[in-house]
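What follows is a set of notes on a single structure, which appears directly below.
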Amino acid sequence: MDSTPRDPAFYVERLKGLLQSSSRAVAFTGAGVSEESGIPTFRGKGGLWDRYPPSLYANPAGLMLLFLVRPSWMAAFFSDILDSLLRAKPNPCHRVIAQWEEEGFIKAVITQNVDDLHSTAGSVNVYELHGNAFRVRCVRCGDREKLARERLLETAKKLNEAPQSRRSLLRLFFDFGGSCRACGGRRRPDVVLFGEGLPQEEWDRALRLATEADLFMVIGTSSLVYPAALLPRIAAESDARIVEINPEPTPVSSLAALRIPFPAGKFFSLFDVS
Ligand code: APR
């Protein structure tokens with residue numbers, strides 16, 4: 001018989017206790033925390049990779065092939081992603097994490113998400129391991145710049161407007177990135193694709209946070225994608241207590257001192273004061 005308590009209040013009290021007895025708590029998040037904000041997760045039923053195979057859509061070579069042979073598929077993919085990113089608003093999970101940072105209960109949030117929702121909710125110490133879709137990066141000097149929301153809206157509108165040819169798509173990408181303000185180089189969206197390295201500074205900081213944490217909350221991630229998936233294991237080996245918040249079990253579940261089997265937004269709404 002399953003002896004897992006079903007009453008969310010049980011988990012609220014346990015998590016409060018763990019937070020109060022910790023001094024170096026860290027949140028580590030994945031796509032699941034934004035699912036209730038309307039952004040689809042990657043894996044599982046209805047996930048992005050269900051509709052768009054990652055072998056084509058999530059790596060530079062696949063995207064180049066798509067661009068050459070099926071530019072309209074590529075346009076549909078980008079349009080789909082941009083639309084959901086632009087519509088999304090922080091949910092109680094993002095808001096409570098930001099509030100806990102402000103109140104001194106957690107040190108930082110390490111995220112694999114590129115949706116900017118932790119910062120929008122007010123988190124300050126945010127380490128984005130896979131970049132940020134609202135930012136561009138110079139391919140020559142690495143300078144990063146946050147884009148005005150209007151620029152993304154304009155791009156989404158153009159993507160939705162007309163069937164895209166290779167030529168119009170190329171023009172759209174160049175207009176979107178623009179030129180680097182530091183060196184004049186070409187810019188691309190500042191997101192990490194499969195096969196690309198993680199941003200060094202964010203990764204170094206994340207490793208340090210995981211090593212020093214005494215409480216490591218793993219929220220809404222399948223913990224399948226490396227190197228990010230190493231972090232909960234490193235935290236556990238460094239004697240942090242692991243808390244997992246995810247309706248589905250993952251490879252991290254066996255490490256967890258507390259497993260909270262609820263959708264993150266719904267669970268955190270029990271703490272939300274706004
Ligand atoms: N609340 C909490 N967890 C949820 C919710 C929810 N409302 N909905 C789904 N989940 C869980 C799923 O059970 C799953 O374990 O979120 C997890 C989402 O897993 P993935 O789709 O694999 O997302 P993520 O772990 O963030 O993926 C890591 O993979 O393709 C890449 O670069 C992409 O950053 C991404 C990386």
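Any read-out appearing in this document is the output of simple, stated calculations on the displayed coordinates, not a laboratory observation. Being a predicted model, the structure only gives us computed values, none of them experimental. Cβ coordinates were reconstructed from backbone atoms using ideal geometry, including for glycine residues, and neighbour counts include every protein chain displayed.
Would you look at the GNM of the chain, springs on alpha carbons closer than 10 Å, and say which of Ala156, Ala206, Ala25 moves the most?
Among Ala156, Ala206, Ala25, the largest GNM mean-square fluctuation belongs to Ala156.
Run through the DSSP bridge list for the range 129-244 and note the antiparallel percent, rounded to the nearest 5.
Around 70 percent of the beta bridges assigned by DSSP in the range 129-244 are antiparallel ones.
Test of understanding: express the Cα radius of gyration of the range 97-170 as a ratio to 2.2 N^0.38 Å, with N the residue count. The partial results should precede the final answer.
On the way: Rg = 16.2 Å, N = 74, 2.2 N^0.38 = 11.3 Å.
Here the Cα radius of gyration is 1.44 times the empirical estimate.
Considering only Ser123, Ala31, Thr155, whose Cα is most displaced toward the positive end of the charge dipole of the chain, charges sitting on Cβ of Lys, Arg (+1) and Asp, Glu (-1)?
Thr155
Classify the range 191-253 as rounded, prolate or oblate from the Cα gyration tensor: take a ≥ b ≥ c as the square roots of its eigenvalues, call it rounded if a/c is under 1.5, otherwise prolate when a/b beats b/c and oblate if not. Let's see the in-between values first.
On the way: a/c = 2.35, a/b = 1.20, b/c = 1.95.
Oblate is the answer for the range 191-253, as a/c is 1.5 or above yet b/c matches or exceeds a/b.
Restricting the count to DSSP beta bridges whose residues both fall in the chain, what percent are antiparallel, rounded to a multiple of 5? All intermediate terms of the calculation are to be shown ahead of the outcome.
Details: 9 of 30 bridges.
Among the beta bridges of the chain, antiparallel pairing accounts for roughly 30 percent.
For Gly131, which sequence-distant residues (separation of 5 or more, or a different chain) have an amide H within less than 5 Å of its own amide H, given hydrogens modelled in the peptide plane?
The list, which skips near neighbours in sequence, is Val192.
What is the dipole size for the range 134-236, taken about its Cα centre, with +1 at each Lys and Arg Cβ and -1 at each Asp and Glu Cβ, in debye to the nearest 20? Write down the numbers at each step before the final one.
Working: 19 positive and 13 negative charges, 131 e Å.
It comes to approximately 620 debye.
What aspartates and glutamates could a cross-link reach from Lys16, if we take a straight Cα to Cα line under 18 Å and drop same-chain neighbours fewer than 8 places away?
Asp7, Glu101, Glu102, Glu103, Asp214, Glu244, Asp272
Which residues' amide hydrogens lie under 5 Å from the amide hydrogen of Leu270, considering only partners 5 or more residues apart or on another chain, with H built in the peptide plane?
For Leu270, no residues qualify.
Counting pairs on different chains as well as pairs 8 or more places apart, how many Lys pairs in the range 45-162 have Cα atoms under 30 Å apart?
10
With θ taken as phi - 60° and the coefficients 6.51, -1.76 and 1.60, list the Karplus ³J(HN,Hα) couplings across the range 192-206 in order, rounded to whole Hz; mark glycine and proline as x.
For the range 192-206, the Karplus-derived couplings read 8, 9, 4, x, 9, x, 7, x, 4, 5, 5, 5, 4, 5, 5 Hz, x marking Gly and Pro.
Normalising by the residue count of the range 127-269, find the relative contact order in percent from Cα pairs under 8 Å and 6+ residues apart.
Once divided by the residue count of the range 127-269, the mean separation gives 21 percent.
Please give the net charge around Arg137, taking every other residue with its beta carbon less than 9 angstrom from that of Arg137, where Lys and Arg add +1 and Asp and Glu add -1.
Numbers: positive: Arg135, Arg144, Arg187, Arg188; negative: Asp143, Glu145, Asp190.
Net charge around Arg137: +1.
If N is the number of residues in the range 1-148, what value comes out of its Cα radius of gyration divided by 2.2 N^0.38 Å?
Values: Rg = 18.4 Å, N = 148, 2.2 N^0.38 = 14.7 Å.
Rg over 2.2 N^0.38 Å, computed on Cα atoms: 1.25.
Return the single residue from Ala121, Ala148, Ala76 with maximal mean-square fluctuation; model: Gaussian network over the chain, springs between Cα atoms under 10 Å.
Ala148
At 222 nm, what helix-only mean residue ellipticity would the chain give, in deg cm²/dmol to the nearest 500, using -39500 (n - 2.57) for each DSSP H run of four or more? Spell out each step's value before the answer.
Values: 13 runs with 119 residues, N = 274.
Rounded to the nearest 500, it is -12500 deg cm²/dmol.
Can you work out ³J(HN,Hα) from phi for every residue in the range 237-250, in order, using Karplus 6.51 cos²θ - 1.76 cosθ + 1.60 and θ = phi - 60°, giving whole Hz and x for Gly and Pro?
Coupling constants for the range 237-250: 5, 8, 6, 6, 7, 9, 10, 10, 10, 5, x, 10, x, 9 Hz.
Based on the Kirkwood radius over alpha-carbon pairs, what value in µm²/s does the Stokes-Einstein equation return for the translational diffusion coefficient of the chain at 25 °C and 0.890 mPa s? Before the final figure, lay out the partial values.
Values: Rh = 19.6 Å.
In µm²/s, the coefficient is 125.
Using the Karplus curve 6.51 cos²θ - 1.76 cosθ + 1.60 with θ = phi - 60°, what ³J(HN,Hα) values do you get for each residue of the range 12-24, in whole Hz, with x for Gly and Pro?
Computed from phi, the couplings for the range 12-24 are 4, 5, 4, 5, 4, x, 5, 5, 5, 8, 10, 10, 9 Hz.
Given contacts defined as C-alpha pairs under 8 Å and at least six residues apart, what's the relative contact order of the chain, whole-number percent?
Values: 457 pairs, mean separation 61.6, N = 274.
Across the chain, relative contact order equals 22 percent.
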